[in-house]
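Just so it is clear, none of the values below were taken in a lab; they were calculated from the coordinates. Everything quoted here is computed from the prediction, not taken from an experiment. Note that each Cβ is placed from the backbone with ideal geometry, even for glycine, and that neighbours are counted across all protein chains shown.
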Amino acid sequence: MEPTLGDLIKRGENSPYYRLLSMKIEEVKDGYARLTMNVEEKHLQFLGSVHGGAISSLADSAAAWATVGSTDLKGAPLTVEMKINFLLAVESGQLTAEARSIHRGFRISVCDVEVKDDQGRLVAKSLVTYYLRKES
């Protein structure tokens, strides 16, 4: 029996990496996903703002879920390229990543991601390309 989208979301939220970064999957639907991360001390770099790697992980994860939501659960998205612009330093609060699928081919998917702080300010903008590995 194939896993449902709900099964995959539960598996995602229970994954060690998501737990490590305290990422929460808020919404997944066809070509769209929204994930959040409450900023904690573990996310901060030595100057006191959220590390770019934590923001990148949130953006990449949101894009992956937007892709999963648009592939009828028939392919596993593997990141092949990610470009991100960091636009605003954040020290506290909550980050929200919204991803939208802008291209879905047979093997390649591309998503546009915006990461915003809890005041709605744009923190980072990302473009993520995935290879869709077909499950056998």
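Counting other beta carbons within 10 Å of each Cβ, put Leu127, Leu47 in order, fewest first.
Leu47, Leu127
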**Message:** I'd like the distance separating the alpha-carbon centroids of the range 89-121 and the range 11-37, in whole Å.
**Reply:** 12
**Prompt:** To the nearest 20 debye, what is the magnitude of the charge dipole of the chain about its Cα centre, counting +1 on the Cβ of each Lys and Arg and -1 on the Cβ of each Asp and Glu?
**Reply:** 360
**Message:** With angles folded into 0 to 90 degrees, how steeply does helix 52-68 sit against the dominant principal axis of the chain? Use alpha carbons for both and round to 10.
**Reply:** 20
**Complete:** With 0.36 nm assigned to each residue of separation and the Cα-Cα distance removed, Leu88 to Asp112 gains 6.9 nm
**Message:** I'm spelling it out carefully: the read-out is mean projected area of the Cα convex hull in nm², the candidates are [x] 11.3; [y] 9.4; [z] 7.9, and one was derived from this structure. Which label?
**Reply:** [z]
**Request:** Mind checking which of Leu35, Ser61, Val50 is farthest towards the positive end of the range 5-134's charge dipole, using Cβ charges of +1 (Lys, Arg) and -1 (Asp, Glu) about the Cα centre?
**Result:** Ser61
**Fill in**
Applied in sequence order to the range 39-45, the curve 6.51 cos²θ - 1.76 cosθ + 1.60 (Karplus, θ = phi - 60°) yields integer Hz couplings, x standing for Gly and Pro, of 5, 10, 4, 5, 8, 8, 8
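Using 0.36 nm times the number of residues separating Lys24 and Asp7, minus their current alpha carbon distance, what extension gain do you get? Mind showing how you got there, number by number?
Numbers: separation 17, 0.36 × 17 = 6.12 nm, distance 1.47 nm.
Stretched fully, the Lys24-Asp7 segment lengthens by 4.7 nm.
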**Fill in**
For Ser70, other-chain or 5+-apart residues with amide H closer than 5 Å (H placed, Pro excluded) are Gly31
**Request:** Mind listing the long-range amide H neighbours of Val39? Cut-off is under 5 Å, sequence gap 5 or more, other chains count too, H placed in the peptide plane at 1.01 Å from N.
**Result:** Gly93, Gln94, Leu95
**Residue among Phe106, Leu87, Met23 farthest towards the positive dipole end of the range 5-134, charges placed on Cβ** = Phe106
